[in-house]
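Take a look at the structure below.
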Amino acid sequence: MYSINQEAYIFLATIYGGILIAFIYQLYKIFRSIFKPKKLATTLQDAIFWTIITAVAFYVLIFSNQGDLRFYNFLGFLIGVLIYEHVLAKPINKGLNYILKIANEFLTDIWKLIIYPFRIGYCFIEVPYTYCKRKTKPVYYKSKRILNMPHRIINDVRKFAGNYFNKK
């Protein structure tokens, strides 16, 4: 037999457990919206998610009332999820989106910082290449036309001879 204080503690612990479960679910939804996994990865992620949720529920039940299952335990989890969804979800979602935006900007800046020396090296290679290509382009195309001239002459002679002999 539990006292009223212990039962209230157990009920509040299960409400907190429900809030934690809803928060984990929101993180899971954000993760899935970012990465858009395929079928096999979704199955694996679902298994991991349900394992974590089971562990959280088990932890809450073990440490709040030594694992005794009562109706108000399930009611507490349900109320916790509803409190999270109707009261806490929007501000926490805004906060998580802000944190993800800051993290994305930070990682983008780090990536730009890492890639900067390679871009400089590429410029040292590209600028002379572009300059040389621009200067040699007319010579290249003229030499290509000159080298293809015998082939073009043979084709023109064949075409002319074919047209000449087909008319008579």
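The values are calculated or read from the model by the stated rules, or taken from the named source; none is laboratory data. Bear in mind that the values here come from a model prediction, so they are computed numbers and not experimental data. Every residue, glycine among them, receives a Cβ derived from its backbone with ideal geometry; neighbour counts consider all protein chains shown.
All but one of (1) β-branched (V, I, T); (2) loosely packed, with under 12 Cβ neighbours inside 10 Å; (3) modelled with pLDDT under 90 hold for T54; which doesn't?
Condition (3) is where T54 drops out.
Take the conditions hydroxyl-bearing (S, T, Y) and within 30 Å of G18 (Cβ to Cβ) and apply them to Y98. Does it pass?
yes
Out of Y72, Y59, Y122, Y84, I need the residue that is in a helix (DSSP H, G or I), more than 23 Å from A13 (Cα to Cα) and of a type in the set (S, T, Y). Which one?
That would be Y122, the only listed residue that is in a helix (DSSP H, G or I), more than 23 Å from A13 (Cα to Cα) and of a type in the set (S, T, Y).
Suppose we keep only residues that are free of Cβ contacts under 8 Å to residues at least 40 places away in the same chain and not in a helix (DSSP H, G or I) within segment 1-50. Which one would you say is farthest from K90 (Cα to Cα)?
Filtering segment 1-50 for residues that are free of Cβ contacts under 8 Å to residues at least 40 places away in the same chain and not in a helix (DSSP H, G or I), the one farthest from K90 (Cα to Cα) comes out as M1.
Quick test of your reading of the structure: N166 fulfils all but one of (1) surrounded by 10 or more Cβ atoms within 10 Å (Cβ to Cβ); (2) out of contact with any Phe, Trp or Tyr (no Cβ under 8 Å at 6 or more places or on another chain). Name the failing condition by number.
Going through the list (1) surrounded by 10 or more Cβ atoms within 10 Å (Cβ to Cβ); (2) out of contact with any Phe, Trp or Tyr (no Cβ under 8 Å at 6 or more places or on another chain), N166 breaks only (1).
Would you mind stating whether I125 is modelled with pLDDT under 80 and either of a type in the set (A, V, I, L, M) or loosely packed, with under 10 Cβ neighbours inside 10 Å (or both)?
yes
Can you find even one residue in segment 110-122 that is within 19 Å of the chain's Cα centre (by Cα) and of a type outside the set (D, E, K, R)?
Within segment 110-122 (the criterion being within 19 Å of the chain's Cα centre (by Cα) and of a type outside the set (D, E, K, R)), the answer is yes, since at least one residue qualifies.
Take the residues in segment 57-114 that are aromatic (F, W, Y) and surrounded by 11 or more Cβ atoms within 10 Å (Cβ to Cβ), then tell me which one is nearest to I24 (Cα to Cα).
Residue satisfying both the conditions and the ranking: Y84.
For segment 97-115, check the following and say yes or no: at least one residue is touching a helix residue (DSSP H, G or I) at 6+ places or on another chain (Cβ under 8 Å), hydroxyl-bearing (S, T, Y) and either in contact (Cβ under 8 Å) with a residue 60 or more places away in the chain or under 24 Å from F35 (Cα atoms) (or both).
There is no residue in segment 97-115 that is touching a helix residue (DSSP H, G or I) at 6+ places or on another chain (Cβ under 8 Å), hydroxyl-bearing (S, T, Y) and either in contact (Cβ under 8 Å) with a residue 60 or more places away in the chain or under 24 Å from F35 (Cα atoms) (or both).
Sort out which residues of segment 1-60 are among the basic types (K, R) and farther than 19 Å from E85 by Cα, and write them in order of number.
K36, K38, K39
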